[in-house]
Amino acid sequence: MTSPLFASPARALLGVVAGAFLFGASVSANAAGMPGMRGHDHTGVTVPDMNQAVSFFVDVLGCQKAMAFGPFSDDKGTFMKDAVGVDPRAVIHQIVQIRCGSGSNIELFDYSAPDQKVVQPKNSDIGGYHIAFYVDNIQAAADYLKSKNVETFMGPIPIKEGPAAGQSILYFKAPWGLQFEAITYPEGMAYEKTSDVKLWSPKDPAK
């Protein structure tokens, strides 16, 4: 099984994996870092049901679907293992890339593999993660999520001490268990007064 858009799965998938790095090749390299690195292009997430995932991101969160492509596989060789470190017989049935406001993109994967695990990691597990979205009004976001029957945790929680003071946060879950965070800091955060490095923010994406 190969992508109908490319002559071989190797050319197709390598284009996906390498695209972000090639785009930044003209930028002057930081001597202490990866040459040409411009910033965070996307986060890839494997989901159990692509239709459900796209519906949640688009219909509930308000993201936009940009493109979809695939499948990718290698029935006889070891390309899948060599290129992305999965079982040689793994199949990427589809990849969907979405954009959520002003921020890096999210890349959804629909995989099958002989050794596939279906355990959703907790935030406390090694490899656990969450996706955070900046919102202007976190209470309005909380009320909206509850109106859509989205599972939410305690909060919104205001952070009043330490370098992150100024934040308010609320964790919530997708139907399949992926954890998200709504975050806001309309007046900035305390660390900004003393740190030479400022975190990127969707409030002012050009900075």
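The values are calculated or read from the model by the stated rules, or taken from the named source; none is laboratory data. From a predicted model like this one, the values you see are computed outputs, not experimental measurements. As a convention, Cβ positions derive from the backbone with ideal geometry for all residues, glycine included, and neighbour counts pool all protein chains shown.
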Determine, yes or no, whether PRO175 is in a loop (DSSP other than H, G, I, E, B), surrounded by 15 or more Cβ atoms within 10 Å (Cβ to Cβ), modelled with pLDDT of 95 or more and not small (Gly, Ala, Ser).
yes
Which of the residues belonging to segment 178-207 are among the acidic types (Asp, Glu) and in a loop (DSSP other than H, G, I, E, B)?
GLU187, ASP196, ASP204
Residue list for segment 36-53, filter: within 26 Å of TRP200 (Cα to Cα) and β-branched (Val, Ile, Thr):
THR43, VAL45, THR46
All strands (runs of 3 or more DSSP E) inside segment 48-167 with 2 or more residues being touching a residue at least 12 places away in the same chain (Cβ under 8 Å) and touching a helix residue (DSSP H, G or I) at 6+ places or on another chain (Cβ under 9 Å):
64-69, 91-99, 105-112
Inspect segment 148-157 for any residue being over 16 Å from ASP59 (Cα atoms) and touching a Ser or Thr at 6+ places or on another chain (Cβ under 7 Å) and give the result as yes or no.
yes
Would you be able to tell me the number of residues in segment 135-186 that are under 25 Å from VAL118 (Cα atoms) and under 20 Å from the mean Cα position of the chain (by Cα)?
14
Quick check: is even one residue across segment 54-77 at pLDDT 95 or above, more than 20 Å from the chain's Cα centre (by Cα) and of a type in the set (Lys, Arg)?
yes
In segment 147-169, is there at least one residue being of a type in the set (D, E, K, R), surrounded by 15 or more Cβ atoms within 10 Å (Cβ to Cβ) and under 25 Å from ASN105 (Cβ atoms)?
no
